[in-house]
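Working notes, beginning with the structure itself.
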């Protein structure tokens with residue numbers, strides 16, 4: 001379990017963050033203990049008021065508890081983790097709050113302790129809490145049989161990147177390679193008998209004729225790469241000049257690159273707007289399905305809570321009826337019957353609590369499984385359209401540089417793969 005923590009102030013802001021339903025699909029206040037108030041915001045205000053009697057500014061200790069993806073983690077595991085944190089960090093007996101959050105099919109918890117000792121009116125020191133939490137997290141991985149991340153076992157193996165571009169490149173188009181460009185130029189040469197016809201044929205295929213640095217004819221790709229026409233068609237330079245005319249009358253490579261940039265960049269801006277519109281339309285039905293699922297899950301949980309509450313009331317009445325009062329109650333104490341009944345009631349109450357927790361755990365896990373299935377669809381749609389937009393933004397930036405500088409600046413990509421004249425946004 002990954003444990004992240006911080007000492008902090010801002011009790012009201014933290015309370016509002018923990019209760020935020022805009023970012024979290026489900027928020028459950030699991031425990032508020034050690035405070036006079038029994039609600040979270042009241043406990044936050046109480047903690048802040050207590051800190052005013054001290055010089056401590058960071059009177060709260062906040063920990064997020066994040067279990068591995070795909071693991072079914074019971075409430076007892078979270079509670080045990082909080083108890084271990086209290087024991088190791090010297091917070092045992094301090095008031096605490098535990099809140100569960102669910103988002104995108106994942107469930108995690110937040111635990112908050114007040115650092116102020118009400119008897120001494122001093123703040124509990126928390127030396128080396130990060131290393132201690134790391135040790136606790138490793139123990140939880142081992143105890144529960146979870147697969148431990150490589151970087152968690154050895155910090156030297158931690159991946160320094162939070163995101164990889166490889167995951168964002170699935171929608172990239174397949175461009176022309178050098179052999180395809182050569183074949184295209186040969187085709188244009190074969191079907192053209194003069195310079196203007198050849199230039200028109202090239203432009204229809206995304207190539208532009210220009211004067212090369214050595215005063216020969218070149219074809220400039222839409223990515224700014226220049227190819228000598230004589231070499232591409234296997235002809236002598238004088239033969240090419242005889243058919244296409246004097247290359248001095250053509251634009252230079254730099255001017256042609258600027259022309260390409262000025263022509264393509266505005267089109268890419270329109271493509272970006274179109275890609276955003278398509279992405280919004282593609283994700284809309286999934287967001288509607290997500291909202292419907294969230295409402296359904298909330299209704300199911302409310303129904304279960306109501307059923308468990310009503311059942312607990314009836315069971316408590318049955319247990320109370322076993323305890324006799326008056327003279328019979330005194331007789332039960334003298335004969336030991338009272339203590340047997342009390343023990344029976346305690347056992348039934350304990351098993352009833354476990355039963356209710358098991359029922360709620362099964363319901364939550366079933367709902368998380370449904371939500372994870374929907375989230376996988378949402379992620380696929382997001383990645384596909386994000387990849388398209390990322391490519392379009394990158395291409396637009398490149399062509400703006402081409403229009404400004406008259407040259408194409410390499411950024412580590414393969415220049416033999418030209419940018420598209422129109423993106424395949426509908427795929």
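Which value does Rg/Rh take for the chain over its C-alpha atoms, Rh per Kirkwood? Provide the component values of the computation, followed by the final result.
Values: Rg = 34.7 Å, Rh = 28.3 Å.
That ratio equals 1.23.
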So what's the gap between the Cα centers of the range 185-233 and the range 34-63, to the nearest angstrom?
75
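Using the scaling law 2.2 N^0.38 Å as the reference, what is the normalised Cα Rg of the range 255-374? The partial results should precede the final answer.
Numbers: Rg = 31.5 Å, N = 120, 2.2 N^0.38 = 13.6 Å.
Dividing the Cα radius of gyration by 2.2 N^0.38 Å gives 2.32.
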For residue 103 and residue 214, calculate 0.36 nm times their separation in residues minus their Cα-Cα distance, and state this gained length in nm to one decimal.
33.8 nm
Neighbour-count ranking [beta-carbon atoms within 10 angstrom, fewest first] of 198, 227:
227, 198
Mind sorting 214, 96, 258 by how few other Cβ atoms lie within 10 Å of their own Cβ, fewest first?
214, 258, 96
Cα gyration tensor of the range 313-352 diagonalised, 5x eigenvalues square-rooted, in angstrom largest first, produces semi-axes 20, 12, 4
Taking Cα atoms only, helix 40-51 is inclined relative to the longest principal axis of the chain by an angle, in degrees rounded to 10, of 80
Principal axes of the range 290-341: Cα extent on each, largest first, Å
61, 16, 8
Expected 222 nm ellipticity per residue - DSSP helices of 4 or more, -39500 (n - 2.57), all of the chain, to 500
-19500 deg cm²/dmol
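Provide the convex hull volume over Cα atoms per residue for the range 334-377, in Å³.
Values: hull volume 1.1 nm³, N = 44.
Cα-based convex hull of the range 334-377, divided per residue, equals 26 Å³.
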Highest mean first, what order results for 56-62, 9-15, 330-336, 237-243 on Cβ atoms within 10 Å?
56-62, 9-15, 237-243, 330-336
From zero outward in steps of 10 Å, how is the percent of C-alpha pairs of the range 178-259 spread across the bins?
20, 61, 19
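For the range 2-160, what is the convex hull (Cα atoms) projected area averaged across all directions, in square nanometres?
Values: hull surface 39.5 nm².
Projected area, direction-averaged: 9.9 nm².
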Taking a crude spin-label model, label points 7 Å out from Cα along the C-beta direction, the residue 295 to residue 52 distance in nm is 4.3
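Readers should treat all values here as calculations from the given coordinates under stated rules, not as data from a laboratory. Note that the structure is predicted; figures quoted are calculated from it, not measured. Positions of Cβ are generated from backbone atoms using ideal geometry, with glycine treated the same way; all protein chains shown enter the neighbour counts.
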